[in-house]
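K.L.:
Before I ask anything, let me first share the structure, which is written out below as structure tokens.
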Amino acid sequence: MTPSSDLDRVVIINDRSARIGGASNLAILSASLLQEAGVAVTYFAGDTVGSERPASDTVNLAARPLMQQPRLSALASGLYSSHAYDGLKALMARVDSKGTIYHVHGWSKILSPSIFRALWPVRGRVVLHAHDYFLSCPNGGFANYRRGQVCSLTPMSLDCLATNCDKRGYHEKIWRSARHMVREHYYPIQQFAANIVVVHQRMRDYFARGQIDMSNIETIRNPVEPFLDYPIEPWKKRDFFFVGRLEPEKGFEDAALAARLAGVKLQIIGDGAGRARLERDFPEVVIHGWKSKGEMREILGDARALVVSSRVPEPFGLAALEAVTSGIPVILPDMALLGDELAMLGCGSVFQSGKVEALAGGLRRLAGDDMLLRLMSVNCLRRSSEMAHTPASWRQALLALYDRVLERANAARTSSQLTARGGISAGHRLIDEAG
């Protein structure tokens, strides 16, 4: 798909300009794909200039992530960053046109809600990409991190505000709730139909619970590239793998304990704050740390299945789909948005979320049935194209989205102009009649 003649430029807005985490990886990928298609791209980031510039026109604010700032500074700038507001306003004055799209990928680590104050005048041409739940839920996960449970409360309700669900304590929950209110003040998505992209259709239920106007919410699944560039025979392998951050919400301890109970070997590709605890309590687990794509290919060639043990409702589950598109079956919790879908397509199995014994039982089943694994692997290769975009099809979906957004913005502008002209004409008639 070629860019629309109405599309002049895409301004990609993200906390980071480096490949750190899913949202940043996708923001940078989108910049590359759009430029390859001949679209003018400006990349606006809160961090410092790195070794790579996502776009030929890249603006870095040289600000530090909140977690690296002094506490009081982080509390203040996380609620409202004047630096981010001024920087974005200056950029908009330089590049804005009726055909400019502003695509927001991430704002909670550096940029703050102040960017939404700058974007409000051009809200008809703004796209908000929901890689997480922060637009609806103040802690971003619809999860009670203290209990390791999925949250069923209405976001920002009295029950929600009274619940200590944050990983770092109730003071952090209050701060995040205040930030949520600041964002809604400058960009009230409960009152107007913002252009929002969700990465899985089941996210819509969570956004509806947050009382967000659903009129212009669209589903565009993330692009996925397989872990492996060649098919393997996982039913001939014995080891299970966990790929991801070693943080409590990812359930890495659940995976390790379930593997021990099931008597299977677990290997982990990833790192994080929980690594020391994992090494101490589960010495039998092999921890590789973070690896490059090439290194991961070599390691995952020994995979029988991938274990996803997250305690929160993962919006997409990139690692699961990277495995499935490689022919590697997945076991994942029933609260994962992909869970029912993968099970229905025969690409994996689900277990009751948060139940280690249920996960252990699932591992035993997959470990002891080679024919089942072979069937799942074949289904993975046959059906995986139904579950995610390729980079090329993702670019096409983004360009089609931008066309629809500009069409709506142009229609709204025309309607506003006609209304204004009608008001002026009516005023003239009243003057004439009075004269």
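K.L.:
So, in segment 1-27, of the ones that are outside any strand (DSSP E or B) and among the hydrophobic types (A, V, I, L, M, F, W, C), which residue ends up modelled with the lowest pLDDT? Break it down stepwise before answering.
P.N.:
The initial filter retains those residues of segment 1-27 that are outside any strand (DSSP E or B), namely 1-8, 15-27.
So of that shortlist, the ones also among the hydrophobic types (A, V, I, L, M, F, W, C) come out as 1, 7, 18, 20, 23, 26-27.
Numbers: Met1: 62, Leu7: 97, Ala18: 88, Ile20: 76, Ala23: 86, Leu26: 93, Ala27: 96.
By that ranking, first place goes to Met1.
K.L.:
Test Gly339 against the stated conditions and say whether it is crowded, with 20+ Cβ neighbours inside 10 Å, more than 30 Å from Val11 (Cα to Cα), among the small types (Gly, Ala, Ser) and free of Cβ contacts under 8 Å to residues at least 24 places away in the same chain.
P.N.:
Taking the combined requirement at face value, the residue satisfies it.
K.L.:
Working only within segment 273-296, note down all residues that are buried (at least 17 other Cβ atoms within 10 Å of the Cβ) and under 24 Å from the mean Cα position of the chain (by Cα). Reasoning before the result, please.
P.N.:
Here is the first cut: in segment 273-296, the ones buried (at least 17 other Cβ atoms within 10 Å of the Cβ) are 274, 278, 282, 285, 287, 296.
Scanning segment 273-296 gives Gly274, Met296.
K.L.:
Please count how many residues of segment 28-78 are in a strand (DSSP E or B) and of a type outside the set (Val, Ile, Thr). Talk me through it step by step, then tell me what you get.
P.N.:
Narrowing segment 28-78 to residues in a strand (DSSP E or B): 40-45, 57-60.
This time we only want the ones that are of a type outside the set (Val, Ile, Thr), so: 40, 43-45, 57, 60.
Total meeting the criteria: 6.
K.L.:
Can you name every residue in segment 216-245 that is crowded, with 19+ Cβ neighbours inside 10 Å and free of Cβ contacts under 8 Å to residues at least 40 places away in the same chain?
P.N.:
Within segment 216-245, Ile217 is the sole residue that qualifies.
K.L.:
Take the residues in segment 150-199 that are of a type in the set (Ser, Thr, Tyr) and closer than 21 Å to His103 by Cβ; name whichever of them is surrounded by the most Cβ atoms within 10 Å (Cβ to Cβ). Quick ask: steps written out before the conclusion?
P.N.:
Of all residues in segment 150-199, those of a type in the set (Ser, Thr, Tyr) come to 152, 154, 157, 163, 170, 177, 186-187.
Subset that is closer than 21 Å to His103 by Cβ: 186-187.
Numbers: Tyr186: 17, Tyr187: 22.
It comes out as Tyr187.
K.L.:
Right, here's the next one. Residues to consider are Val324, Val286, Val307, Val312; find the one that is outside the structural domain of Arg19 (by TED's automatic domain parsing) and touching a Cys at 6+ places or on another chain (Cβ under 7 Å).
P.N.:
Values: Val286 fails: touching a Cys at 6+ places or on another chain (Cβ under 7 Å); Val307 fails: touching a Cys at 6+ places or on another chain (Cβ under 7 Å); Val312 fails: touching a Cys at 6+ places or on another chain (Cβ under 7 Å).
Of the residues listed, the single one that is outside the structural domain of Arg19 (by TED's automatic domain parsing) and touching a Cys at 6+ places or on another chain (Cβ under 7 Å) is Val324.
K.L.:
Here's something else I'd like to know. Which of the residues that make up segment 145-178 are of a type in the set (Phe, Trp, Tyr) and within 26 Å of Ser309 (Cα to Cα)?
P.N.:
So the first thing to find is which residues in segment 145-178 are of a type in the set (Phe, Trp, Tyr), and the list is 145, 170, 175.
Those that are of a type in the set (Phe, Trp, Tyr) and within 26 Å of Ser309 (Cα to Cα): Tyr145, Tyr170.
K.L.:
Let me ask something else about it. Please state which one of Leu381, Leu418, Leu363 is modelled with pLDDT of 95 or more and either assigned to a helix (DSSP H, G or I) or in contact with an Asp or Glu (Cβ under 9 Å, 6 or more places away or on another chain) (or both).
P.N.:
Working: Leu381 fails: modelled with pLDDT of 95 or more; Leu418 fails: modelled with pLDDT of 95 or more.
Of Leu381, Leu418, Leu363, the one residue that is modelled with pLDDT of 95 or more and either assigned to a helix (DSSP H, G or I) or in contact with an Asp or Glu (Cβ under 9 Å, 6 or more places away or on another chain) (or both) is Leu363.
K.L.:
Does Leu373 satisfy the condition of being at negative phi and in contact with a strand residue (DSSP E or B) (Cβ under 8 Å, 6 or more places away or on another chain)? Please lay out each step first, then the result.
P.N.:
Details: at negative phi: yes; in contact with a strand residue (DSSP E or B) (Cβ under 8 Å, 6 or more places away or on another chain): yes.
The answer is yes for Leu373.
The values are calculated or read from the model by the stated rules, or taken from the named source; none is laboratory data. Here the structure is a predicted model, which means the values were calculated and not measured. Note that each Cβ is placed from the backbone with ideal geometry, even for glycine, and that neighbours are counted across all protein chains shown.
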